[in-house]
Amino acid sequence: MEKLNPLFDLVGRIFMAYLFVPAGFGKITGYAGTAGYMESVGVPGILLPLVIIVEFLGGLAILVGWQTRIVALLLAGFSIVAALLFHLQPDDQIQMILFTKNIAIAGGLFFLVANGAGAYSVDARLRKA
């Protein structure tokens, strides 16, 4: 099984990126609606470009394994903040499922912080150079 670890690292990064890249892109294509939703929960819409950068570019960085530990820490913090701001609604079961999902995502990202991107990554290539 240990021989498969580099492959599992890569697949794990692909799956994590699949959460963030489409979400960031969706915020670009649905900019006005996303800004309005943010403002409806008290988050200034002016922060939306930062959210897009974190999600879209952060997701791409995780995908290719570039600066993985730093980006994973940033995305973990982002996921926790998003969970608290948007999903912590104990009376709404759907929102609490989304809250739990975001916390679990942060947990997966903390594994990337602790272990890095793995062998099939830009980080590994840069270490060898």
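Collect the residues in the range 98-125 that are under 18 Å from G58 (Cβ atoms) and aromatic (F, W, Y), keeping them in residue-number order.
Restricting attention to the range 98-125, the residues satisfying the condition of being under 18 Å from G58 (Cβ atoms) are 101-118, 121-123.
Hits for the range 98-125 are F110, F111.
Of the residues in the range 23-56, how many are surrounded by 13 or more Cβ atoms within 10 Å (Cβ to Cβ) and more than 20 Å from I80 (Cβ to Cβ)?
Within the range 23-56, residues that are surrounded by 13 or more Cβ atoms within 10 Å (Cβ to Cβ) and more than 20 Å from I80 (Cβ to Cβ) number 8.
Which of (1) loosely packed, with under 14 Cβ neighbours inside 10 Å; (2) at negative phi does L19 not meet, given it meets every other one?
Condition not satisfied by L19: (1).
Quickly run through the range 58-72 and pick out the residues that are surrounded by 16 or more Cβ atoms within 10 Å (Cβ to Cβ) and out of contact with any Asp or Glu (no Cβ under 6 Å at 6 or more places or on another chain).
Of the residues in the range 58-72, the ones surrounded by 16 or more Cβ atoms within 10 Å (Cβ to Cβ) are 58-59, 61-68, 71-72.
Matches in the range 58-72: G58, G59, A61, I62, L63, V64, W66, Q67, V71, A72.
What helices (runs of 4 or more DSSP H), lying completely within the range 62-129, carry at least 2 residues that are under 30 Å from S40 (Cα atoms)?
Working: elements: 68-82, 93-115, 122-128.
Helices (runs of 4 or more DSSP H) meeting the threshold: 68-82, 93-115.
Conditions tested, residue by residue: (1) more than 30 Å from L4 (Cα to Cα); (2) surrounded by 12 or more Cβ atoms within 10 Å (Cβ to Cβ).
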residue	(1), (2)
A76	no, yes
S79	no, yes
A82	yes, yes
V113	no, yes
A129	no, no
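All of the numbers you see were taken from the coordinates with simple rules; none came from a lab. The structure presented is a predicted model; accordingly, all values stated were derived computationally and were not measured. Quick reminder, even Gly has a Cβ in these numbers, built from the backbone with ideal geometry, and neighbours come from all protein chains shown.
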